[in-house]
1. For the range 74-114, build the convex hull from the C-alpha positions and give me its volume per residue in Å³.
2. Could you pull the Rg and Dmax for the chain, using just the Cα atoms, both in Å?
3. Rule-of-thumb check for the range 114-243: C-alpha Rg over 2.2 N^0.38 Å?
4. Add +1 for every Lys or Arg and -1 for every Asp or Glu among the other residues with Cβ under 13 Å from the Cβ of LYS188, and state the total.
5. Would you mind checking which residues have amide H under 5 Å from LEU75's amide H? H placed 1.01 Å from N; only 5 or more apart, or other chain.
6. Of LYS22/LYS207; LYS43/LYS130; LYS129/LYS231; LYS92/LYS129, which ones are farther than 32 Å apart at the Cα?
7. Using Cα pairs closer than 8 Å and at least 6 residues apart in sequence, work out the relative contact order for the range 94-243, in percent.
8. Over all distinct Cα pairs, what is the inverse of the mean 1/r for the range 90-169, reported as the Kirkwood hydrodynamic radius in Å?
Amino acid sequence: MAQERLDKIIASMGRYSRREVKQLVREGQVLVDGRIAGSAEEKYDPETAEILVAGVHLGYRRYTYVMLHKPSGFLSATEDGHGETVLDLLPKEYRKMGLFPVGRLDKDTEGLLLLTNDGELAHDLLSPKKHVDKVYYARVSGMLTQEDRDAFAAGMVLDDGLICREAGLEILSAGTESEALVTLHEGKFHQIKRMLAFRGKPVLYLKRLQMGSLTLDKNLEKGAFRLLSEKEIAQISHRQNVQ
Ligand code: URA
């Protein structure tokens, strides 16, 4: 659909006049696709833009899907008595929607984190039966080798008995520190750190880049978020049906 001015889109919903909309925009009370609107003259597609005015959704969508670029130092939880959680990175309005992170990243892991209030989708994305691959960038201490790659490809049983299924290890650089892309088909606690430590190459830095069809938006700064596009929602919802 053609793009229209923000004040026109909001005023057409009948609740505010154009003048009121301009004032609300000036006050920073209008969020479009997760960002504070800078001007009432900005143009958006009224069919796809997710508009919140003073914390209230205009237009109806049953569930909310947020892509967050998680920085280090935040827990993947909805509440915590001691530290900050990823929900603390969202504006107040978003904290009342019942959003939760789909799977966990360690406190010091960065990158792609999906938050939603769609329990069914979250369950499907995390179900081992659905084979939703996750791709991480890892920097490790020590030289990654072909043997490490083969060990990942074969799967491994760690010292503590943890069975890790086969995983991808694409070595990007190798030296006293090495870099790699790791692809997991499952998500066990501290899995990448444990697998790489088992190979004698402890993780120095870890960042998730991809989860199924969803890729971390390169334009999202650390700590920033945006709503998923309709296309992304359709893709991840479709993905869950692919066995
Ligand atoms: N593997 C880890 O070790 N940590 C994460 O946060 C994700 C995968």
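Every number here is computed from the coordinates shown, using simple stated rules; none is lab data. In this text the structure is predicted, and so the values were computed from the model without any measurement. Here the Cβ positions follow ideal geometry from the backbone for every residue, glycine too, while neighbour counts run over all protein chains shown.
1. It is 71 Å³ per residue.
2. Reported Rg and Dmax, both Å: 20.8, 67.
3. 1.13
4. Charge balance in the 13 Å sphere: +2.
5. GLU84, THR85, VAL86
6. Beyond 32 Å: LYS22/LYS207; LYS43/LYS130; LYS92/LYS129.
7. Numbers: 249 pairs, mean separation 43.4, N = 150.
Once normalised by length, the contact order is 29 percent.
8. On the way: mean 1/r = 0.0640 Å⁻¹.
Mean inverse Cα-Cα distance, inverted, gives 15.6 Å.
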